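Worksheet for the structure shown next.
The values are calculated or read from the model by the stated rules, or taken from the named source; none is laboratory data. Every value quoted in this text rests on a predicted model; they were computed, and no experiment measured them. Heads up, the Cβs are rebuilt from the backbone with ideal geometry, glycines too, and the neighbour counts pull from every protein chain shown.
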Amino acid sequence: MTTMVATTVPTENRRRALQFVALGAKAVLFMLLLSALIWPDLSGIKGKASTARLIVYPVGAMVLPLWWWAYGRTRSRLHERFPWPADLLITLPWLIDLIGNRLNLFDTISWWDDAMHFILWGLLTAGVLIAFVPRTLSRGITTFVALGFGATAAVIWELGEYYAFVRHSEELQTAYTDTLGDLALGTLGALLAALILFQVHSRRAR
């Protein structure tokens, strides 16, 4: 009994910490989006499909809570409680991307864009896997699901960037090479997320 209580308390503390961090990430994201509306010249996304980003980013950050409220609570295969780790992982890519643009890191650090496509797609895919994919899947199936989501999301993102601002900017001259690289890095990030997550779930199941 004592061991069970000792185990439950740290688990509940970690859950509360994750909830606090996830909500904090959302708060910072929405504050940055609000400031971009008030001071668009300082946002770092002016001329980079700012209107689309102001719509897509909050939707992306809120998609899991909205899904959970409308439908997910009734799905027994998910956690009985809201999956805060998944929510944090899904929120971070939007927040990190917005911060990177605000600090002008995409235009001042040559490798920043490539690193973000790899890392952020890994975080996003990991969040989606935790929230929507059963932990009992094999390594192969988990990998296929991750690649399916990651590659599809990467293609949608690149199409959105192209139609929103790339086709009218100087980046059009190098867009083909850059897009291929972004797609490859995003897919690799999704693959790595699947392999790491499967390994974590396997160790916890032992």
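Brief remarks follow.
- Which numbered condition A126 fails, given (1) free of Cβ contacts under 8 Å to residues at least 24 places away in the same chain; (2) surrounded by 21 or more Cβ atoms within 10 Å (Cβ to Cβ): (1)
- The helices (runs of 4 or more DSSP H) found wholly in segment 63-164 and carrying at least 3 residues that are of a type in the set (S, T, N, Q) occupy 139-164.
- If you go through segment 45-87 and keep only what is loosely packed, with under 15 Cβ neighbours inside 10 Å, over 15 Å from V133 (Cβ atoms) and modelled with pLDDT of 90 or more, you end up with I55, V59, L66.
- Answer from L137, L120 - the residue that is surrounded by 18 or more Cβ atoms within 10 Å (Cβ to Cβ) and either modelled with pLDDT of 95 or more or hydrophobic (A, V, I, L, M, F, W, C) (or both): L120
- When I99 is tested against the conditions (1) at pLDDT 95 or above; (2) of a type outside the set (D, E); (3) surrounded by 15 or more Cβ atoms within 10 Å (Cβ to Cβ), the lone failure is (3).
- Unique residue being hydroxyl-bearing (S, T, Y), over 18 Å from E158 (Cα atoms) and surrounded by 18 or more Cβ atoms within 10 Å (Cβ to Cβ) when the list is T108, T91: T91
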